[in-house]
Amino acid sequence: QVQLVESGGGLVQPGGSLNLSCVVSGGIFSIAAMDWHRQAPGKQREWVAGITIGGTPTYADSVKGRFTISRHNAKSTVYLQMNSLKPEDTAVYYCNAVLHFGRYWGQGTQVTVSS
């Protein structure tokens, strides 16, 4: 059974940092591209960053230069290092595994940026 479990969210002051993790079980990690998405209250879910099976990252313009996505294949884990956080980064962050036959989502982790 495929399962994605995010962790690492929390409350942080503007300018602070958080490192999100997503552990993927079910044996699919090595064949999955991985994405992070987020959804702020009253807004649609948006793509934040992605990383290919080979480790090539891509970023939304809104987070480029501040966020870093990475993956550790032996641990079946994808990370999102978030620096210089802004109040507009406040959202529930979701991990997403992308395969040729479909997608799997985690349950999300809350990130709140506030003073």
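A few remarks follow.
- Contact order relative to length of the chain, as percent, for alpha carbon pairs under 8 angstrom and 6 or more apart: 37
- For 72, 100, 37, the ranking by accessible surface with the largest value first comes to 100, 72, 37, using a 1.4 Å probe.
- The trypsin sites (Lys or Arg not before Pro) found in the stretch 36-94 that occupy coil by DSSP, while having at most 16 further C-beta atoms within 10 Å, are 43, 45, 64, 66.
- Nonpolar atom fraction for the chain, defined as the carbon and sulfur part of the 1.4 Å probe accessible area, stands at 51 percent.
- Rounded accessible area per residue of the chain, 1.4 Å, Å²: 51
- Residue 112 accessible area, 1.4 Å probe, all protein chains in place, Å² to nearest 10: 40
- For the stretch 96-110, 3J(HN,Hα) computed residue by residue from phi via the Karplus equation (6.51, -1.76, 1.60; θ = phi - 60°) reads 9, 9, 10, 10, 5, 9, x, 10, 10, 10, x, 8, x, 9, 7 Hz, glycine and proline entered as x.
The values are calculated or read from the model by the stated rules, or taken from the named source; none is laboratory data. In this text the structure is predicted, and so the values were computed from the model without any measurement. Positions of Cβ are generated from backbone atoms using ideal geometry, with glycine treated the same way; all protein chains shown enter the neighbour counts. The protein model used for the area step is the full one, side chains on, heavy atoms only, and it has no ligands, DNA or RNA in it. Shrake-Rupley method; radii C 1.70, N 1.55, O 1.52, S 1.80 Å.
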